[in-house]
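Chemist: Got a structure here, written out as structure tokens. Questions coming.
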């Protein structure tokens, strides 16, 4: 009697450590018995048709899914349907199962494990709903202000300045918004701010329906003085009402745009965040992506070591590699004219050139000598000796490479050639996190 109890206990312990399959006959399996250890990485290998998928998916996964479905109530199961039991005698020690689909994905720098598996969508929703915002300037938790507190903050920070109160209506959406403009005009407003530009409202006014727009209605324009307190209070109330608890203030003295929200604001600095949404935590959205790297986490920068492989050579000998070896090329003639203008020797080794001369050739300007940047007329066909100057500002070799690499009209061949002089580095703004600064300060 005692021996039977001992055997049962040993069997239960073994089931906790292994998954035991007895008599698996699904598809081309031939009455297979197998014990699979838990907490281990187990790999099924074999030639095509040997039964790997039949054992892993059609037997183990299907049975685990079937058992999970049976745990639902009868009411829930009527919407799901019944699942057939795989052709197997017995499976013991089976835990809840997860099957990951194997598929080929394109190489896209905007795709991660989180985006492909859609787990990132749930994380964005989680942070948007329960995340708490902190100020990236002070590290303190953001607080909510009432209308009275917002007015007091305006007087404390913008006293005596001329401001424009804006109520945001459209944030990053496409459309012509003809009906919206007409509705605003009927309410008595005369100006709107479209994509950063203040415009007069006119009948049948509309914008490009295929472009993304930001639209704010100009609620009031005034100077922050003590006698304007009632008017400011009324304008703030109206702006928050139209902007759904969000208010923009344009400071004409500094040409800066301030955000005030009844939801999130830093009490010490006045820093305000927009109400978070799932897009605020997406590096594929303009409202969540880092503005510097556009949500990629990395940036291409010009590698000066590739541009100047040998500093002992002169420019005429090939110190600047992007200029190539052709000395009759248009770009090299530009360099010759600019060098003549600024009295730069192209025969002197690169290391012996002055910092100002190097900056002119690389970046098109020398901060140390503003007078040298004045523009003069030049005929590019004139190769005679004398003070001949280039008619437009020379952009510099480095600036030229950046323009070619990022230009919309640049051919794939030219971009591949420029990439030889570039290096991939982590974005210094977001430190590789891909998200804008505000989104990183939600906990």
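Chemist: Exactly one condition in (1) outside any helix (DSSP H, G or I); (2) over 15 Å from residue 245 (Cβ atoms) is false for residue 145; which is it?
Modeler: (2)
Chemist: Against the definition (part of a loop (DSSP other than H, G, I, E, B) and either crowded, with 17+ Cβ neighbours inside 10 Å or at pLDDT 85 or above (or both)), how does residue 316 come out, yes or no? Please lay out each step first, then the result.
Modeler: Values: part of a loop (DSSP other than H, G, I, E, B): yes; either crowded, with 17+ Cβ neighbours inside 10 Å or at pLDDT 85 or above (or both): yes.
Judged against the criteria, residue 316 is a match.
Chemist: Related question: Looking at the range 319-332, which of its residues are part of a loop (DSSP other than H, G, I, E, B) and closer than 20 Å to residue 414 by Cβ? Outline the logic, then answer.
Modeler: Taking the range 319-332 first, the residues part of a loop (DSSP other than H, G, I, E, B) are 319-320, 324-329.
Answer for the range 319-332, where residues must be part of a loop (DSSP other than H, G, I, E, B) and closer than 20 Å to residue 414 by Cβ: 320, 324, 325, 326, 328, 329.
Chemist: To continue, here is another question. When you go through (1) without any contact (Cβ under 8 Å) to a residue 60 or more places away in the chain; (2) crowded, with 17+ Cβ neighbours inside 10 Å one by one for residue 221, which number turns out not to apply?
Modeler: Condition not satisfied by residue 221: (2).
Chemist: Against the definition (out of contact with any strand residue (DSSP E or B) (no Cβ under 8 Å at 6 or more places or on another chain) and either exposed (fewer than 10 other Cβ atoms within 10 Å of the Cβ) or in the same structural domain as residue 216 (by TED's automatic domain parsing) (or both)), how does residue 61 come out, yes or no?
Modeler: Numbers: out of contact with any strand residue (DSSP E or B) (no Cβ under 8 Å at 6 or more places or on another chain): yes; either exposed (fewer than 10 other Cβ atoms within 10 Å of the Cβ) or in the same structural domain as residue 216 (by TED's automatic domain parsing) (or both): no.
The answer is no for residue 61.
Chemist: Limited to the range 280-313, what total is found for residues that are in the same structural domain as residue 346 (by TED's automatic domain parsing), crowded, with 17+ Cβ neighbours inside 10 Å and part of a helix (DSSP H, G or I)?
Modeler: The qualifying residues number 1.
Chemist: Hey, could you check the range 400-413 for residues that are touching a helix residue (DSSP H, G or I) at 6+ places or on another chain (Cβ under 6 Å) and part of a helix (DSSP H, G or I) and say which is surrounded by the most Cβ atoms within 10 Å (Cβ to Cβ)? Explain how you work it out, then say what you get.
Modeler: Step one: list which residues in the range 400-413 are touching a helix residue (DSSP H, G or I) at 6+ places or on another chain (Cβ under 6 Å), which gives 401, 404-405, 410.
The next check asks that each one be part of a helix (DSSP H, G or I); those that pass are 401, 404-405.
Working: 401: 24, 404: 18, 405: 18.
Once the filter is applied, the top-ranked residue is 401.
Chemist: Restricting to the range 249-264, and then to whatever is buried (at least 20 other Cβ atoms within 10 Å of the Cβ) and out of contact with any helix residue (DSSP H, G or I) (no Cβ under 8 Å at 6 or more places or on another chain), can you tell me which residue is modelled with the lowest pLDDT?
Modeler: In this case the residue turns out to be 261.
Chemist: Just to be sure before I move on: is residue 161 under 24 Å from residue 262 (Cβ atoms) and either in the same structural domain as residue 262 (by TED's automatic domain parsing) or in contact (Cβ under 8 Å) with a residue 60 or more places away in the chain (or both) in the structure I sent?
Modeler: Working: under 24 Å from residue 262 (Cβ atoms): yes; either in the same structural domain as residue 262 (by TED's automatic domain parsing) or in contact (Cβ under 8 Å) with a residue 60 or more places away in the chain (or both): yes.
Criteria met by residue 161.
Chemist: Which one of 351, 335 is more than 19 Å from residue 401 (Cα to Cα), part of a helix (DSSP H, G or I) and at pLDDT 85 or above?
Modeler: Working: 335 fails: more than 19 Å from residue 401 (Cα to Cα).
Checking each option against the conditions leaves just 351.
Chemist: Can you tell me which residue among 18, 22 is more than 21 Å from residue 101 (Cβ to Cβ) and more than 45 Å from the chain's Cα centre (by Cα)? Steps first, please.
Modeler: Details: 18 fails: more than 45 Å from the chain's Cα centre (by Cα).
Just one listed residue meets the conditions, 22.
Chemist: Give the residues of the range 164-191 that are in contact with a strand residue (DSSP E or B) (Cβ under 6 Å, 6 or more places away or on another chain), free of Cβ contacts under 8 Å to residues at least 40 places away in the same chain, surrounded by 15 or more Cβ atoms within 10 Å (Cβ to Cβ) and over 22 Å from residue 253 (Cβ atoms), sorted by residue number.
Modeler: Hits for the range 164-191 are 184, 189.
Chemist: Can you pull out every residue in the range 121-142 that is in contact (Cβ under 8 Å) with a residue 24 or more places away in the chain and in a helix (DSSP H, G or I)?
Modeler: So in the range 121-142, the residues in contact (Cβ under 8 Å) with a residue 24 or more places away in the chain come out as 121, 123-125, 127-128, 131-138, 140, 142.
Within the range 121-142, 121, 123, 124, 125, 127, 128 meet the criteria.
Chemist: Hey, among 156, 196, which residue is assigned by TED's automatic domain parsing to the domain that holds residue 240, at pLDDT below 90, surrounded by fewer than 17 Cβ atoms within 10 Å (Cβ to Cβ) and at negative phi? Even if it seems obvious, please write down each step before you answer.
Modeler: Numbers: 196 fails: at negative phi.
None of the other options fit; the residue is 156.
Chemist: Only strands (runs of 3 or more DSSP E) wholly contained in the range 8-92 count here; list those with 1 or more residues that are at positive phi and in contact (Cβ under 8 Å) with a residue 60 or more places away in the chain.
Modeler: Values: elements: 18-24, 32-37, 88-92.
Where strands (runs of 3 or more DSSP E) fall fully within the range 8-92 and carry at least 1 residues being at positive phi and in contact (Cβ under 8 Å) with a residue 60 or more places away in the chain, they are 18-24.
Chemist: Another question, then. If you take just the strands (runs of 3 or more DSSP E) that sit entirely in the range 169-242, which of them hold at least 3 residues that are in contact with a helix residue (DSSP H, G or I) (Cβ under 9 Å, 6 or more places away or on another chain)? Step through it out loud before you land on a result.
Modeler: Details: elements: 191-194, 197-200, 212-223.
In the range 169-242, 212-223 are the strands (runs of 3 or more DSSP E) which contain 3 or more residues that are in contact with a helix residue (DSSP H, G or I) (Cβ under 9 Å, 6 or more places away or on another chain).
The values are calculated or read from the model by the stated rules, or taken from the named source; none is laboratory data. The shown structure was predicted, so the numbers you read here are calculated from the model rather than taken from an experiment. Here the Cβ is made from the backbone with ideal geometry for all residues, glycine too, and neighbour counts use every protein chain on show.
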